[in-house]
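Note sheet for the following structure.
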Amino acid sequence: MNETLQNIFKRQTIRSYVQKQITDDELDTLAKAATAAPSGRNCQPCHVRFIQKKEYLDGMNTDFKELVGYDTPAYTRWDVNPVYQTAPTLALIFAENESYMDAGIMCENIVIAAESMGLGTCIIGSIGALFDDERSLKWKEIFEIPAEYKFQIAIAIGYPDEKPERKPRFDDRIKVIR
Ligand SMILES: Cc1cc2nc3c(=O)[nH]c(=O)nc-3n(C[C@H](O)[C@H](O)[C@H](O)COP(=O)(O)O)c2cc1C
């Protein structure tokens, strides 16, 4: 099996990270992988912010928890983890309009590139609740994202500090029609 396929098959969501920042070279490669993503009509509507400042990660987490509640079971590992999953880097993808498909493709580019470099990731949709609220305007201003840009998806990134069990996949999702 070639390396690309190996990375696709071995990637798993990581929700526990070593408390060490990724290198600037790794960050630069992830930024290039994001930029290389295709987009509809090559509009390139997505803007990425890699947040590495702990004060901002914790600040967003507090705003998020105050918004949705501290004991809401709807969010994965809500009870033990902050919304950014303790990762030292959080990529936030915004788009100039609703561009979930473009953002999803960019997100997967980042995730598979990270996997190939030995980094773990967790795609995070739940933080979108914060960006539906007006308290996110402060964060958009700090991150130099225009207020009208829409949050699409986030990705926690860092060195993995766990090796979770592989989650099974349904085997009835694909059919070949001939
Ligand atoms: C669009 C999307 C949103 C997700 N949002 C969250 C989230 O908010 N919090 C979280 O802990 N995991 C989140 N995940 C991770 C999924 O729970 C995880 O991918 C899924 O359980 C499959 O596990 P695997 O990635 O290890 O194969 C999200 C994944 C995707 C694709």
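A few notes on this one:
- So R49, is it basic (K, R), under 18 Å from the mean Cα position of the chain (by Cα), within 18 Å of Y100 (Cβ to Cβ) and modelled with pLDDT of 95 or more: yes
- Any hit, region 164-173, residues being on the phi > 0 side of the Ramachandran plot, out of contact with any helix residue (DSSP H, G or I) (no Cβ under 8 Å at 6 or more places or on another chain) and among the acidic types (D, E): no
- Check on E144, under 17 Å from A31 (Cβ atoms) and among the acidic types (D, E): yes
- The lone exception for M1 - which of (1) part of a helix (DSSP H, G or I); (2) loosely packed, with under 11 Cβ neighbours inside 10 Å it fails: (1)
- Which numbered condition I177 fails, given (1) within 12 Å of the ligand (Cβ to nearest atom); (2) surrounded by fewer than 22 Cβ atoms within 10 Å (Cβ to Cβ); (3) among the aliphatic types (A, V, I, L, M): (1)
- Flag for R41 being in contact with a strand residue (DSSP E or B) (Cβ under 6 Å, 6 or more places away or on another chain), of a type in the set (D, E, K, R) and either at pLDDT 95 or above or not in a strand (DSSP E or B) (or both): no
- Scan of region 112-130 for residues that are more than 9 Å from the ligand (Cβ to nearest atom) and either farther than 26 Å from D58 by Cα or modelled with pLDDT of 95 or more (or both), ordered by number: I112, A113, A114, E115, S116, M117, G118, L119, G120
- Some residue of region 56-79 being at pLDDT 95 or above, among the charged types (D, E, K, R) and surrounded by 13 or more Cβ atoms within 10 Å (Cβ to Cβ): no
- Test: residue in region 132-153 that is out of contact with any Leu (no Cβ under 8 Å at 6 or more places or on another chain), surrounded by fewer than 22 Cβ atoms within 10 Å (Cβ to Cβ) and among the small types (G, A, S): no
- Matching residues, region 24-48, being within 21 Å of T86 (Cβ to Cβ) and surrounded by 11 or more Cβ atoms within 10 Å (Cβ to Cβ): E26, L27, L30, V48
The values are calculated or read from the model by the stated rules, or taken from the named source; none is laboratory data. Because the structure is a prediction, the values reported are computed rather than measured. A quick note on method: Cβ atoms are made from the backbone with ideal geometry, for glycine too, and the neighbour counts reach across all protein chains shown.
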